[in-house]
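Encoded as structure tokens, the structure appears first; notes follow it.
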Amino acid sequence: MDEHEFIQVENFEDVISFAKETVNQNHSDGYYLNFSLKVQFDINLINKPQLLDVATEAEDWQNPKQPEHLHINHGEYITEKGVRYIIEELKRKSHSNRALMSLINQGDIIESGDNPIPSFMVLQFSLEGTELYITTYFRALEVSRFLRINIEEIRLIAKEIYDEITNLSKVKLNIFAFRAYVKENQSTLKRQEIDLLQERHILTFMQNEPNKLIALLKEKKEESTVIENNSLHHIYEIMNDSYVNESIHYCFKGKLVNHLLEKCLASSQELINLREKTSHSDRIEEINLTYLRLLENFIGEIEKCFYQ
């Protein structure tokens, strides 16, 4: 096997840098089709977290039980038996072509619409002497923020393998993605705290702690492939409910606030509808920017009124 195919890296930050550089040098219309990056590193790198800023997130993504604050995670698809199976298969047959994880099947894809499903689709392993080969396939891959989490997820799995197959010296990792892109401000499919609140909790904030609600709304100003607007609907319904309107803070009662929220909701729904038809287009980018601008204007108007 050609040693020169794999780039030697000393840390996982180098992997992210190489990935971003590869996309930025070869992108077409903001993305790079058939992206591939091959790196190799000493096995000792997997013994502890390397990308500390995403270590907890990676554990959440690998949890067999999906955390409430994520739209989806990978562990629920891998299941508790997944890594155990890989270890036993490698012990039984080190060159096995079946030491792999397939995170979703065709049934998960058909009629999924724009509902979130894993982009991290296949992870395959093999042993060549003391080298652990890992190949992974993504249907789409954001290489600045999301790849950081994915690399740390791969480290967690490789660490479990190394804990039981201890004669390993090196990892050779091949990252393949059908579509790779750089989008620094894209959310990593975390659900914002405000979208986890029930309507009565939002009402309480609108009555007693508008500053807290403003802070929670600001967390929504992040580009995402999944648009949740239920919390905005709750705010709008409360603002226009004569039964509770008198009890909320005056910063939510202005006509301009109401108008901006109406436009924001319309824009978010247009974006949701369009994402059901296509994943990538100039129109999506345009509407997404409009939605985020309207959301910012809405928050700004509330904030200005509250602090007057």
Which of Lys20/Lys81; Lys48/Lys183; Lys81/Lys183; Lys212/Lys253; Lys263/Lys304; Lys221/Lys263 have a Cα-Cα distance over 24 Å?
Lys20/Lys81; Lys48/Lys183; Lys81/Lys183
Given a 10 angstrom Cα cut-off, can you work out which residue in Tyr291, Tyr243, Tyr31 is the most mobile in a GNM of the chain?
Tyr243
Within a Gaussian network of the chain (alpha carbon springs, distance under 10 Å), most fluctuating of Asp163, Asp60, Asp195:
Asp163
For the chain, which cysteines have no second Cys with its Cβ under 4.7 Å from theirs?
Cys264
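Which value, in debye to the nearest 20, gives the size of the charge dipole of the chain about its Cα centre, when Lys and Arg are +1 and Asp and Glu are -1 at the Cβ?
160
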HN-Hα couplings for the range 161-167 via Karplus (6.51, -1.76, 1.60; θ = phi - 60°), in whole Hz with x for Gly/Pro, come out as 5, 5, 4, 10, 10, 8, 8
Let me understand the range 193-306 better: what is its radius of gyration from the alpha carbons, and its Dmax, in angstrom?
14.1, 44
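Where Rh denotes the Kirkwood radius from the mean inverse Cα pair distance, what is Rg over Rh for the chain?
On the way: Rg = 22.7 Å, Rh = 21.6 Å.
Radius of gyration over Kirkwood radius for the chain works out to 1.05.
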Of Gln106, Ser267, Gly82, which is farthest along the charge dipole of the chain in the positive direction, counting Lys and Arg as +1 and Asp and Glu as -1 at C-beta?
Gln106
Using helices alone, I'd like the mean residue ellipticity at 222 nm for the chain: each DSSP H run of four-plus residues gives -39500 (n - 2.57), total over residue count, nearest 500.
-14000 deg cm²/dmol
Listed residues Glu228, Glu285, Glu57; largest mean-square fluctuation, Gaussian network over the chain with Cα springs below 10 Å, found at Glu285
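By how many nm would the segment from Glu270 to Ile110 grow when fully extended, if each residue of separation counts as 0.36 nm and the alpha-carbon distance is taken off?
Details: separation 160, 0.36 × 160 = 57.60 nm, distance 2.30 nm.
Full-extension gain reported as 55.3 nm.
Taking 35 Å as R0, compute the FRET efficiency from the Cβ-Cβ separation of Glu5 and Ile72 and round it to 0.05.
Numbers: r = 33 Å, r/R0 = 0.93.
After rounding to 0.05, the efficiency reads 0.60.
The numbers here are math on the coordinates, done by the rules we state, and not lab data. Here the structure is a predicted model, which is why all the values come from computation and not from measurement. Neighbour counts run over all protein chains shown; Cβ positions are idealised from the backbone, glycine included.
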